[in-house]
Structures are given as structure tokens and as C-alpha cells.
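Since the structure comes first, as C-alpha cells, the remarks are kept for the end.
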Amino acid sequence: MLNLMRLEMKKFHIGSYIKRAIFANFVILAIMFMLLFITKIEGDAVFENYQTVLSLIDSTVRAVFIIFASALIAKLIISEFKYKTITLAFMYPINRKKLMASKLAIIVLFTFSAIIVSNVFVSVVFCTIISNLHLFSDTLTISLIIQRIPIVIMNAIAASCIALIPLYFGMRKYSIPVTIISSIFIVSVVSSNTGNFSLNDIIFIPIVLAIIGISVAYASFRKIEKMDI
């Protein structure tokens, strides 16, 4: 399994996606500073305190990397079926389920790691800069950071599973655009914020979506097992 994952990562040049993920971090930072600048000018209370800031960073990071994961799905899985390159892989004495499992494991682990690392990086940079500007009356405490750690981890696990849902739509007609568009739709629905409230705040919704994502992954195993390629 690990050897398959290593071969798949080498085959699809995962290093280039790591560079893109790093670039995405700076885009997220730019968005955060832009929001801060706009809200201060207009007098909106989007950035009320560090709790709000950390929650917004987490939400933004998850949204970005769920869409990022759909690009990985499109590259590692959908494009292989679309252009029939998967046929060559199936000619080797490799179990189809293990091959698909290695691809999905790469996507899930990459998404989870990217969300955790990006949360840490963006939060440290953003909070360090705004603390020096003395924009908030409260301070970033160790207790708040410790309180956020399990929340970020659980959100990252849920998001990594939710990121598999676009696989269902992409595998129907092996459509790369549909795969990515479906992820944007999922993010727009789950992460949409109204009055500092989003559907992700209702705990059972990300849990249900995560279960759906896992079910989609399982269904993909069944599908390739029955496929005549």
C-alpha cells in the first residue's frame, strides 16, 4: 500500500501540488488582510476578537483545500478513467481496490495535512501581525490556542472526508469540470456564513457529509471491481 502510494505520488508529481498549497496559503493570508482592511474601513464587526479570527481562518482554509482536493481527485482518478490511462495500470498484477485505495489515501492525507499546516501557518502569521497593530482589546492566550487544537483537528478530519464527495459526481461521466464545480458547490453551501453562523456549526452536518464522503469512496471500490476496462 505504501509502495503504491509512493509510486502514485511520483507518477503525478505531488511535489508540484505542495508548491501550489504553499501558494494557496499566501492567497488565504491576502484574503484575510483584505477582509480586515475592508471591515475596518466600513466599521463592520467581522473581526471582533481572536476567537472569531481563528474560526474564520479555519473555515477559509477548509474551503480552499476541499476545492484543492477536487483538483487532486480530477488528476489522480478522473483523468485516468477519462483518458483510459487506468487501463495500463490494471494490466499490472495490482489489485484494483488497492490501487484506488492508494489514490484516495493520498488525497485524504494530503488534504488533512494541508489543512492542519495551513491553519498553523496562516494563524501564526496573521495573529502575529495584528497583535503588533493592537487592533483587538483581548489577547491571544495559551488557553484559547489549546481550546482550538481539537476543533481544528476534528474539522480537518471531517473536511478530508467531505472532500471525497466530488468523486461521485466526477465518476459518473468522468468529467473533470463537474468534479471541481461540485466541490465549489459543497463549499458554498457548507461554509456560507450568515450573521457569524454557517451550516458547519451544526455538528451533525459535517459528520453526515463526512460519512457520505466515506460512502462515496467505498462505492468507488465496488464500481471499479465491476468495471470491464
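The values are calculated or read from the model by the stated rules, or taken from the named source; none is laboratory data. This is a predicted model, so every value here is computed, not measured. Note: ideal-geometry Cβ built from the backbone for every residue, glycine included; neighbour counts use all protein chains shown. For the accessible areas, the whole protein counts, side chains as well, though only heavy atoms, and no ligand, DNA or RNA atoms are used. Shrake-Rupley method; radii C 1.70, N 1.55, O 1.52, S 1.80 Å.
In the set (1) out of contact with any Ser or Thr (no Cβ under 6 Å at 6 or more places or on another chain); (2) surrounded by 15 or more Cβ atoms within 10 Å (Cβ to Cβ); (3) of a type in the set (Ser, Thr, Tyr); (4) in contact (Cβ under 8 Å) with a residue 40 or more places away in the chain, Thr52 fails one condition alone, (2). Please work out which residue is most open to solvent (accessible area, probe 1.4 Å), limiting yourself to the range 68-89 and to residues that are hydroxyl-bearing (Ser, Thr, Tyr) and more than 23 Å from the chain's Cα centre (by Cα). Here the answer is Tyr83. Restricting the first member to the range 95-124 and to residues that are touching a residue at least 60 places away in the same chain (Cβ under 8 Å), and the second to residues that are in a helix (DSSP H, G or I) and open to solvent by 40 Å² or more (accessible area, probe 1.4 Å), the beta-carbon pairs closer than 7 Å and six or more apart or on different chains are Arg96/Glu225; Lys97/Phe221; Lys97/Glu225; Met100/Phe221; Ile106/Met9. If we scan the range 127-147, do we find a residue that is part of a helix (DSSP H, G or I), of a type in the set (Phe, Trp, Tyr) and farther than 17 Å from Asp58 by Cα? No, every residue in the range 127-147 fails to be part of a helix (DSSP H, G or I), of a type in the set (Phe, Trp, Tyr) and farther than 17 Å from Asp58 by Cα. For the structure I just gave you, tell me whether Ser182 is at pLDDT 90 or above and under 24 Å from Val61 (Cβ atoms). So Ser182 fits the description; yes. In the set Leu29, Leu36, Leu72, only one residue is at pLDDT 85 or above, in contact with a Phe, Trp or Tyr (Cβ under 9 Å, 6 or more places away or on another chain) and under 30 Å from Phe136 (Cβ atoms); that residue is Leu29. Every condition in (1) open to solvent by less than 80 Å² (accessible area, probe 1.4 Å); (2) over 14 Å from the mean Cα position of the chain (by Cα); (3) among the aliphatic types (A, V, I, L, M); (4) modelled with pLDDT under 90 is met by Ile176 except one, and the failing one is (4).
Take Phe65 and tell me if it is open to solvent by less than 60 Å² (accessible area, probe 1.4 Å) and either in contact (Cβ under 8 Å) with a residue 12 or more places away in the chain or among the small types (Gly, Ala, Ser) (or both). It is true that Phe65 is open to solvent by less than 60 Å² (accessible area, probe 1.4 Å) and either in contact (Cβ under 8 Å) with a residue 12 or more places away in the chain or among the small types (Gly, Ala, Ser) (or both).
Does the range 90-101 contain at least one residue that is within 23 Å of Ala63 (Cβ to Cβ), polar (S, T, N, Q) and open to solvent by 20 Å² or more (accessible area, probe 1.4 Å)? Scanning the range 90-101 turns up no residue that is within 23 Å of Ala63 (Cβ to Cβ), polar (S, T, N, Q) and open to solvent by 20 Å² or more (accessible area, probe 1.4 Å).
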